[in-house]
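Worksheet for the structure shown next.
The values are calculated or read from the model by the stated rules, or taken from the named source; none is laboratory data. The shown structure was predicted, so the numbers you read here are calculated from the model rather than taken from an experiment. We place every Cβ from the backbone using ideal geometry, glycine too, and count neighbours over all the protein chains shown. These area figures cover heavy atoms from the full protein model, side chains too; ligands, DNA and RNA do not enter into them. Shrake-Rupley method; radii C 1.70, N 1.55, O 1.52, S 1.80 Å.
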Amino acid sequence: MSPDDDRPTGQLGPSLTPVPPPRKVRNDAAIAQTTPEERKRAFGILFFCLLCLGMGQSLFFAVLPPVARDLGLTEVQVGAIFSLSALLWVVTSPFWGRTSDVWGRKSIMLIGLCGFGTSTIGFAVFIWMGMEGMIGLSLLFPLLVGVRAIFGAFGSGTMPASQAYVADRTTRAERASGVATIGAAFGMGTVIGPGVAAALIVFGLLAPFFVVGTLAFLSALAIWILLPERTRPRERQDKKHRLKMLDKRVWPFLTVGVLMAMGQSIVVQVSAFYFQDTLKLSVADAAQLVGIGMMAMAMSTLFAQLVLIQRMNLSVQTMLRGGTVIMIIAFGLMIAGGNYATLVMALVASGLGFGLLRPGLSAAASLTVEPDEQGSIAGFIGSTAAIGHVLNPFIALPLYQIMPQAPFILAACLMVVMGIFIMLHPLVSTVKAGYEDEDDHDGDIVPKG
């Protein structure tokens, strides 16, 4: 190994067991299957698809809370609507990531997008039926839980398959930028969604759901027709050789991902209630003002991901550590609250922080595993994005009923713990942004298979 090799080789835990560096497996065959123009077009399509997926994930949290209250649902019931979906996302994301190595990336993306579109439009239809009095609350609640579960079970496949598709077609030197950019698209969508809701709500309270659901099906059509995938799927790995959750290259990043997801889900799940109660807003005003605040958060995320990361070529360490500090500040502002300007400033800081954290985590995790393990690691990291939505209905929302600031105090504490872990863990603290191009062409190369 050359002195300039920047692959992480830190030691973990009290046993001081070294972390094996990734084998040098060439991606030349996969890269050669598509031209640079095709890759650019494919990555653009994937970016838009994941943007839509993120929009659909988050617009619910801006529109549903005030609507649900009007229908008679409690805060805990609103959280429970998403808890099963989130749990399914956690369970199925690693499965879809691993399956994409066998079935191919494209087919898993199509399954995910069609499941997402069906769930989003179906959710809107059931809400409309409840608002019109066509079904009662006792039937509406399980229907909403069930149709949202479709998103968790099938929509979870799009993200890991997309990330693995990009990893298949990038060199080590390009890996961090490519994976971070595609991973950032979903995060961007999660904060753009509420802003889109605020813009479309003038056409009807449920218009955003129908628009985003339609975009999902159009995205699937674009992938089916325009996305090139000519590489043969790999052979199915036996269980002994699969990447596992407790692998020393995996669990540290899962830990960061879970803590990050807890903080992020508190923002998206609690903010609408917090705005409405703190500022004493009506249902319509709450939906619109929260949407505007989330749009400000989206612009902050765009700045982080399209300017700071891309133009300044930030390292994964800068993204992880800087994002953590900004998130602590954001939650401090949210706790202070008191007026609309302060709360919007908190959302802007939150967008900037998570705009750095999520792509930084995806890139760092991708750089620590083999190229033929990219689907698996993408699935694991993708599963952490939903863990907060599984836990927070039983933690953050009950805390909110005791004291509105309590969930944000919890989130600030979690960010402090995460920051300490990022700085002290040997692997997480040393992984760097990418590999030199020459690593792909030296003599120490292990062929696949």
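At-a-glance table
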{"item": "Peptide ranges 371-381, 207-217, 151-161, 414-424 listed from the most packed, as the mean C-beta count within 10 angstrom indicates", "result": "151-161, 371-381, 207-217, 414-424"}
{"item": "Charge context of Gly293, other residues only, Cβ under 15 angstrom, K/R +1, D/E -1", "result": "-2"}
{"item": "Residue order for Cys114, Cys52, Cys413 - accessible surface, 1.4 angstrom probe, largest first", "result": "Cys413, Cys114, Cys52"}
{"item": "Accessible carbon and sulfur surface of the stretch 234-325 relative to its total accessible area, %, 1.4 Å", "result": "63"}
{"item": "Accessible area (Å², per residue) of the stretch 248-386, counting only protein heavy atoms and a probe of 1.4 Å", "result": "29"}
